[in-house]
Structure formats: structure tokens, C-alpha cells
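Here you go, one structure.
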Amino acid sequence: MSAHQGRSSPPESSRARWTVRVVGITAAVATAATVWLALWVTPPDVTQGDLVRLVYLHPGVAWVALYLAFGLAAGASLLYLWPRTRSLFWDRLAAAAVEVGVVFNVCTLVSGSIWGKPTWGVWWAWDARLTSTAVLLVLFLGYLALRRVPAEPEVRARRSAFLALFAAVDVPIVHFSVLWWRTLHQGATVLNPDLTPTIHGSMAWTLLLGFVALTLVFVWMLLVRYRIGVLEDRLGTGELDMALRQRQAEGAPDDEDEAA
Amino acid sequence: MGYVVAGYVIVLSLLFLYAGQLVWRKRRLTRAVERFELLAAPGDEPGAGPAGSR
């Protein structure tokens, strides 16, 4: 498949629009249900009290940012760089995943900071988990900045893919930081080394629903952001074509004049 | 409980604002592409849009 094949895309079908709408409505309902269960139904924790209610939000946004968004961006970048699967589809998908991932990464840092203040007594600490997550945000902001540097689509896609793969190296560092270093941040509640969740009952179900809801929010945002990428490319390519045709039309009489 | 409510309000507001911005960007671009295709259509072959004219 040629890299140029990703340039022109058909208009959005009614089926695609319907899918986006269904995912969006399901995500909104699931998020509302999570908030209701988290704030009004689940019990307070024996040690953290009501602060434990942030567990239904903070790990969910971190899951989306780190594993879904940046994992998808790394996978799509790898598929773009692989000659057999090279297509601007993967580049657009990676760009969409990174942009949405950056928003979720900000949400992770903000919700973590709000949880940290009453728990640790500080808004921020140069802790291994917090610092590596902040580094991840800076790296992927760099990715978005790099994409704004004017270049041919293929050149932009290649350099962005390399940067995404480089930045994604930080994802396992963030994940294992609580095991590799002594940190303020607690260990994983669900994805711990023994894979034995330390949360049960209504709290566990609400946590699971929170993960599902935020995953659906991510999928909806990814679909819409991908479509924006398609439209931007269509507009960019079309404007370039029109400018070239106008230039040719303007240039034709001049050429005749010169020849005369 | 104040920290908890603040956490939910800030994070959900951020997500909601970003979602709204995505919808706005998509609508604006869709309209721009439609306008552009109408402008580009007269000189083109039937069915060829700006991207398809390549």
C-alpha cells in the first residue's frame, strides 16, 4: 500500500456517523452512571474515607492516556514505519490518539494532584511516578508540536512516528516506576504483579464501570478526531490542487507572451 | 469531600470542553470542505472532488 493512498478519503458514511453517535451516547450514559455510583452509592474507605471516591476517576483516565492512547499511537506509528503496512491511515490514527491522550494525561496529573494534596499534604512531589508521567506529557506535547512543522505529509508522518516510538518508551517506565523506585504513589490496585485486585464488591464494579466509561469516551473522541484529520487532509490537498491550477492558468498566457 | 467533588468537576469539565471543541472543529471543517468542493466542482470531471482530482 502506498503512502499516498491515505490522502483521499470518501465522505463520512451515514453508518460511520451512526456509530460515532451510538458510542458517544453510550459513553455519556456510562460516565453519568459511574459518577452516580462513585459519589452516592459506594461506601467510604476505612483509611481514606471519602477520598477513595477519586479511585473511580484517576486510574481510569491514567489507563486511557498511558495504555490506550499512547499504546495505540506507538502501535500505529510502528505500522506506519513498517513498509508493508505503510499508509497515512496509521499516521492519522497515531496523531488522533496522541492528541486525545494528551488531554487524558493532563486529567491524570490534575486528578492525581487533587488526590495528593489531602493524602500527602502537597499538590506535587518529584516522585518517580509523577515525574515520569509529567515527562510523558512533555514528550507527547513535543509530538503535537512536531506535527505542526510544515512538511510533506510523508515526511511529517515518518518523523512523527519515530518520535511517538521514542516517547512510548516512557510508558513502561511510568507503569513500573512504583516497583523500581521507592515512591509516594501507591502500587497498582488492579494491574499489580500478582494480578490480584485489592478492591472488592461495589467498589470493584464501580471501578470497572469507570474504566469502561472512560474507554468509551476515548473511542468516541478518537473517532471524531480521526475524522478531523481526514477533513484537514482533504482541505489541504484540495487547496494545493486549486492553487496549482490557478498558477498554471495564470502562467499560461505569460508563457505564450514570452514565446511570442 | 471537597477535594473529591473538585476532582470530578475539573476532570469532567476538561473532557467536556475538549469534546465540544472536537465537535466544533469537525463541523467547521465539514462546512469548509463542502464549500471548497462546490467551488472546485465546475472545472472538474464529474464526481471528482479536490482530493480525487489528483
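For helix A:128-147, what angle does its Cα long axis make with the longest principal axis of chain A, in degrees from 0 to 90 and rounded to 10?
10 degrees
Take A:Trp181, project a point 7 Å from its Cα along the Cβ direction, then tell me which residues of region A:58-74 have their backbone nitrogen under 19 Å from it.
A:66
On a 0 to 90° scale, report how tilted helix A:201-259 is relative to the longest principal axis of chain A, with both axes built from alpha carbons and the result rounded to the nearest 10.
10 degrees
Hey, another quick one. Of A:Leu208, A:Ala167, A:Ala243, which is farthest along the charge dipole of the protein assembly as shown in the positive direction, counting Lys and Arg as +1 and Asp and Glu as -1 at C-beta?
A:Leu208
Compute the FRET efficiency between B:Val5 and A:Ala151 as 1/(1 + (r/R0)^6), taking r as their Cβ-Cβ distance and R0 = 45 Å, and round to the nearest 0.05.
0.50
Treating only the Cα positions of region A:22-231 as identical point scatterers, give the base-10 log of I(q)/I(0) from the Debye formula at each q in 0.10, 0.11, 0.14, 0.15 Å⁻¹.
Cα-only, vacuum Debye calculation for region A:22-231: -0.47, -0.56, -0.87, -0.98.
To continue, here is another question. Across peptide B:26-38, how many C-beta atoms of other chains are within 10 Å of each residue C-beta, on average?
Average per residue, whole number: 4.
So if I place +1 on the C-beta of Lys and Arg and -1 on the C-beta of Asp and Glu, and nothing else carries charge, what would the dipole magnitude of chain A be about its Cα centre? I want it in debye, nearest 20.
In total the dipole reaches around 920 debye.
Can you find, among A:Trp40, A:Tyr80, A:Leu68, the residue sitting farthest towards the positive end of the charge dipole of region A:1-121, where Lys and Arg contribute +1 and Asp and Glu -1 at Cβ?
Result: A:Tyr80, furthest along the dipole toward the positive end.
Calculate the mean, over all residues of peptide A:32-43, of how many other protein chain Cβ atoms lie within 10 angstrom of the residue's Cβ.
So the per-residue partner count for this stretch is 1.
Calculate the length of the line joining the C-alpha centroid of region A:11-55 to that of region A:117-153, in whole Å.
25 Å
Continuing with this model, one more query. Using the reciprocal of the averaged 1/r over all distinct C-alpha pairs, how large is the Kirkwood radius of region A:22-132 in Å?
Across region A:22-132, the inverse of the average 1/r is 16.1 Å.
Read-outs throughout are calculated quantities, based only on the coordinates presented, and are distinct from any laboratory measurement. All figures in this text were calculated on a predicted structure; none of them were measured in a lab. Here the Cβ is made from the backbone with ideal geometry for all residues, glycine too, and neighbour counts use every protein chain on show.
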